[in-house]
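Encoded as structure tokens, the structure appears first; notes follow it.
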Amino acid sequence: AKVGEGLERFLSDVKTACDRRSGALLMGQENRGQTRTGRNTTEVVEGVVWAVQCLERVATAEEAAGALVARAGDASERDAADAKGSALIAESREIRRELAELKKQLFEEWQESIVDRLGEFKLDLGSKLMDLDASHSGNVKLHYNSELVSLLREVRQLTALGFAVRKDIAAEAETARRFYRHGMVLRQVANFYNNIASEMLFCQKPMMLDEAVRFESVLTNPKDGLGQVITWNNPAALEKYIAKLQGVAGALTDKNRRLRKWHRTLAEKVSALFSMDLVRQKEAWKRGVKEIRTVFANLEAEFRRDLQSAWRVHWDHQLYKALEYQYHRGLETLNDMLPQMSVSLVFKQRRLQFDPPLEEIRTTHYKQVKDFLNLPLVFKGVSDASEKPGFFRGMVDSPIGAAGCAKVYEKTEALFVKLADEQKRYENWVALGTVDLDAFVEERFTETKDFEDGFRLVKTSSKMADRIPLEIKVECYTVSCQ
């Protein structure tokens, strides 16, 4: 009983789907996207494939209904099963008839549709391979229509299902098959030409100009050795032309691929400069920029320097961004980020002073500050434009740069005030060294008590002197107090 109910549901579902497709066929409005059996096939062909598959399944269901009758037990069950099975067999036969009719209608509709449209995409063997479409910015229009690919696929599919395709359709499908490989190669090359603007970086185009002109010349002038225009009915000339076209297209593609690879390499090197401190890693910055210059220099054997001009200027602008970022960052922390320098507080010539002298320290320090502040004025990039002074000056003259420079000088003066204060802090400890000690004792120590008080003071001061640090950190300076 359950088998019978299952067969009944199956036949009901098939009949419903068949009625829906038949109605859609009559109304000419099949719902798109449903019962799609494969890519690049029309819905009518899909319907034919579906009908063939359903015919096979319904035939199987009819066999199952016959088996249902044969397997019945006693007389009462046999009568019920016979009635049920006979009804299912009759229904399946009716559905098979409807499916066969639907299959026939769909196939006829497909043939009529192809015949109506055949003139739109039929391959004219005497025509040129392609034309320039002036209405679309000079794009190449290939005469091997994509509809031919679909036709070839559908004819193969329907023929495999046992359909006899009309001779004119079959003949066009055979033509499409003969030139399929040529058509696919030409389409690929034509697409590359039509999208060449997006395939090549604007700043690298001058370096590929010769290959691009050669490629365009071959693509848009398909001629044989005698200067005759190549048509589809000249297979030998077509083969040679495609080989030549693939050669020039391959040369352009290869050069474009290599240049893009070097472009990515330069991007990595410039990106590294963004994270490289310009104050503490100045030498590493120099090495990084030198590596970038080396890349351009090594490519000059293949790409002349004048052809690299636009590409070099592009990377100068990227270097500008990296330098500007690190320069403005350095203005904020210059005195803290300068390399640590060691100086000493020494007692010399009866006074406490720095070694080297404070003025010498100031001169050296300001030279380092000035070198950093003037860096954009002397920095050279990779193009002829940045060889001249002023290319990177904008980051100095900008409001951020001007304010940053002023802040650097302000902080530098504050730094030397701190150093001078540290000197003053310890001047009392060397006060006795600044006078004639014998004369001082004779003048101040006249009684025994004076000497006793003096010894106690010396003892206390000695303990306090032990607390004086051996060195002091003042921003980028380490002051030794030994």
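The values are calculated or read from the model by the stated rules, or taken from the named source; none is laboratory data. Fair warning: this is a prediction, and the values are worked out from it, not measured in the lab. Glycine also receives a Cβ, built like all others from the backbone with ideal geometry; neighbour counts cover every protein chain displayed. To get the accessible areas, we keep the full protein, side chains included, count just its heavy atoms, and leave off ligands, DNA and RNA. Shrake-Rupley method; radii C 1.70, N 1.55, O 1.52, S 1.80 Å.
Computed from the Cβ-Cβ distance with R0 of 35 Å, the FRET efficiency linking Arg329 to Lys424 stands at 0.55.
Under the simplified labelling scheme, the Asp306-Tyr409 pair shows an inter-label distance of 4.6 nm, with each label point 7 Å from Cα along Cα→Cβ.
Fully extending the segment from Ala160 to Arg264, taken as 0.36 nm per residue of separation minus the present Cα-Cα distance, adds 32.4 nm.
Computed on protein heavy atoms with a 1.4 Å probe, the accessible areas place Phe274, Phe202 in the order Phe202, Phe274, largest first.
Solvent-accessible area per residue for the stretch 260-410 at a 1.4 Å probe radius, Å²?
On the way: 8320 Å² over 151 residues.
Counting only protein heavy atoms, the per-residue value for the stretch 260-410 is 55 Å².
Given a Förster distance of 35 angstrom, what is the FRET efficiency for Glu108 paired with Ser198, based on the Cβ-Cβ distance and rounded to 0.05? Each step should come with its number before you reach the end.
Values: r = 44 Å, r/R0 = 1.27.
Taking R0 as 35 Å, the efficiency between Glu108 and Ser198 is 0.20.
With contacts defined as alpha carbon pairs under 8 Å and 6 or more residues apart, what's the relative contact order of the stretch 157-315 in percent?
Here the relative contact order equals 26 percent.
Here the stretch 104-239 exposes an accessible surface that is 50 percent carbon and sulfur, computed with a 1.4 Å probe and the other protein chains kept in place. The stretch between Ser275 and Ser344, if pulled fully straight at 0.36 nm per residue, gains 21.4 nm over its current Cα-Cα span.
When only the heavy atoms of the protein chains count and the probe is 1.4 Å, how do Leu377, Leu266 rank by accessible area, highest first? The partial results should precede the final answer.
Values: Leu377 60, Leu266 0 Å².
Sorted descending by solvent-accessible area, the residues read Leu377, Leu266.
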